[in-house]
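S.K.: The structure's right below; bear with me while I get my questions together.
Since every read-out is calculated from the coordinates, none of them should be taken as a lab result. Just so we're clear, the structure is a prediction, and the values are computed from it rather than from any experiment. Heads up, the Cβs are rebuilt from the backbone with ideal geometry, glycines too, and the neighbour counts pull from every protein chain shown.
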Amino acid sequence: MNLSLIAPEICVLATAVVIILADLFFQRKSFLAIISLVGLAVACSFTIHLWGGNAQTTFANMLVVDKFALFFKLLFPITAALVILASIDYVSRFSSFQGEYYALVLLSTLGMMLISSATDLISIFASLELISISLYALVGFLKDAKSAEASLKYLLLGAIASAILLYGMAFIFGFTGKTQLGDIANSIRNMSLRGASAAPGLMLGLILLIVGLGFKIAAFPFQMWVPDVYEGAPTPITAYLSVASKAAGFAIILRIFYSTFGFPTWLSQDWGMIFAVLAAIGMTAGNIVAIPQTNIKRMLAYSSIAQAGYLILGIAAMGFSPMMNHLGQSSLLFFLAGYAVTNLGAFIAVIAISNKVGSDRISDFDGMGKRAPLLALALTLCLISLTGIPPTAGFMAKFYIFSAAVQHDLLWLVIIAVLNSVVSAYYYLRVVKVMWLNEPKFEGNVPSSPALRTALVISCLGVILLGVLPNYVMKLAEMAAKMFAF
């Protein structure tokens, strides 16, 4: 067992333990965020060090360290660091539980890093539950009626989704007799199956996997938890859920469906078509229901359902692509990176504005361009990126993922996606209109802490750089997409 291969995870776990102990023995809590950020920075440095090596497995082939896993082991700590920076002011609402808050963020990040490396049904499920349990607690941290309701709803529906996922894994195990993804893939190849009718147990297991993982990525019609949870959770955790949790779900979907069920061709095309239908319905439903929303967190919640539909388009393209064609995977990875900085930037700006006006209602953002022009400008940039207007990360992300779909004969799905992007412009730009054209209801500036401004600047720079200079991240995504190992 080579522990150096999981040095980033060990670093994050050690940081969480240090925070819990420091919270017990020291009265001053402000340094807990600093410890968290240092730990995440060290974890990123270990990940960068591992990037140049070859793919290797550890823990009896239950985890693999390849460039695909390392891509996410950079994305998740960076996302967590931005959330922690944005939380430094917000944690005053639960000042007695700051240690638990930061530790749970780190433990959920640990689970996400592990799931990107998981190559066994057992390690996948254990990592997924570590993420889920941490997030259940974080959603209820405000301890008010909305937060408690959101946490309970997330817990109950999440437990059902986990049970369905486990049931699907049981079918896969029963059909193949294996839990390791590579062994499952070899078993399916050696069975000489001719179609779905020859393997009903396998198809049922696949459908149950899609349902269970669809809940984790907030895909329609498994998204019923999203609006209430996003509205009731602390806003930094809402941002974290919308980005990191979704990325973790897509990471394991990519790993499972490409490396395990990518062959035979009829099988990959079957699940590819399932994902194509889910993408079409999800992006349409999410955008239509987002239009009448008056609460910006609920609007962004339905927006995230639509964005999940765009991301699932990449999964569908992957199902219809030849085994050696990685365009669908690499475009999806780039989309995840662009969506991360964009959505984090939007939520960080919402945190600053909502803290001042004491409301998440869109109508209370009236005239924010006059009261806090830089915050309004940052939120405008992020909303433009979510719409997919150049020169932003969102435009390039959609360009790459739409191109992948067109190349794999999914033009009909791209047409639906483009029309949905036009629809989404209505509710995104409505917020922009409210901020810049309406008169402010209240006078005075909107103050924000240096930490929050730093997180917002980093996010906005990411939105611009990924839009103007996408090649560097796209090359990393292409390298990661070619490194599926089992």
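S.K.: Would you order Leu142, Leu429 from fewest to most other beta-carbon atoms within 10 Å of each residue's own beta-carbon? Intermediate values should be presented prior to the final figure.
M.R.: Details: Leu142 19, Leu429 15.
Ordered by Cβ neighbours within 10 Å, fewest first: Leu429, Leu142.
S.K.: With axes computed from alpha carbons, what is the tilt in degrees of helix 145-176 against the longest principal axis of the chain, rounded to the nearest 10 within 0 to 90?
M.R.: Compared with the principal axis, the helix lies near 10 degrees.
S.K.: What lysines could a cross-link reach from Lys433, if we take a straight Cα to Cα line under 28 Å and drop same-chain neighbours fewer than 8 places away?
M.R.: Lys433 reaches Lys297, Lys356, Lys370, Lys398, Lys441.
S.K.: Among Leu241, Leu204, Pro221, flag the residue with its Cα farthest along the positive direction of the charge dipole of region 165-279, charges on Cβ as +1 for Lys/Arg and -1 for Asp/Glu.
M.R.: Highest projection toward the positive end goes to Leu204.
S.K.: How would you order 68-78, 339-349 from highest to lowest mean count of nearby Cβ atoms within 10 Å? Display every interim value, and only then the final one.
M.R.: On the way: 68-78: 26.0, 339-349: 28.7.
My ranking of the peptides, most packed first, is 339-349, 68-78.
S.K.: Which angle from 0 to 90°, rounded to the nearest 10, does the C-alpha axis of helix 411-437 make with the longest principal axis of the chain?
M.R.: Long axis of 411-437 versus the principal axis of the chain: about 10 degrees.
S.K.: Ok, one more. Taking the alpha-carbon centroid of each part, what is the distance from region 359-403 to region 76-126 in angstrom?
M.R.: Taking the Cα centre of each part, region 359-403 and region 76-126 sit 26 Å apart.
S.K.: Aspartates and glutamates near Lys67 by alpha-carbon distance under 17 Å, same-chain residues fewer than 8 away left out - which ones?
M.R.: Excluding near neighbours in sequence, the set is Glu9, Glu478.
S.K.: Run the dipole for the chain about the Cα centre, Lys and Arg Cβ at +1, Asp and Glu Cβ at -1, nothing else charged, and hand back the magnitude in debye, nearest 20. Could you put the intermediate results ahead of the total?
M.R.: Details: 27 positive and 20 negative charges, 89 e Å.
Using only the charged Cβ atoms, the result is roughly 420 debye.
S.K.: Compute the Cα gyration tensor for region 291-370, then decide on rounded, prolate or oblate, letting a ≥ b ≥ c be the square roots of its eigenvalues: rounded whenever a/c is under 1.5, prolate when a/b is larger than b/c in the other cases, and oblate in all that remain. Walk me through the numbers before you get to the answer.
M.R.: Values: a/c = 4.71, a/b = 2.69, b/c = 1.75.
Prolate shape, in that a/c is at least 1.5 and a/b is the bigger ratio.
S.K.: Sort the following peptides by mean Cβ neighbour count (other Cβ atoms within 10 Å, averaged over residues), highest first: 211-220, 86-95, 387-396. List each step's numbers first, then the result.
M.R.: Working: 211-220: 24.1, 86-95: 18.6, 387-396: 22.3.
Final packing ranking: 211-220, 387-396, 86-95.
S.K.: When only DSSP loop residues count, what trypsin sites (Lys or Arg not before Pro) in region 109-159 have their Cβ near at most 13 other Cβ atoms within 10 Å?
M.R.: Values: sites: Lys143, Lys146, Lys153; in loops: Lys143.
Sparse-neighbourhood loop trypsin sites (Lys or Arg not before Pro): Lys143.
S.K.: Which value in nm describes the separation of the simple spin-label points at Asp409 and Ile122, placed 7 Å from the Cα toward the beta carbon?
M.R.: Going from the Asp409 label point to the Ile122 one covers 4.1 nm.
S.K.: Using modelled amide H (1.01 Å from N, peptide plane; none on Pro or chain starts), what sits under 5 Å from the amide H of Leu63, excluding residues fewer than 5 places away?
M.R.: Thr58, Thr119
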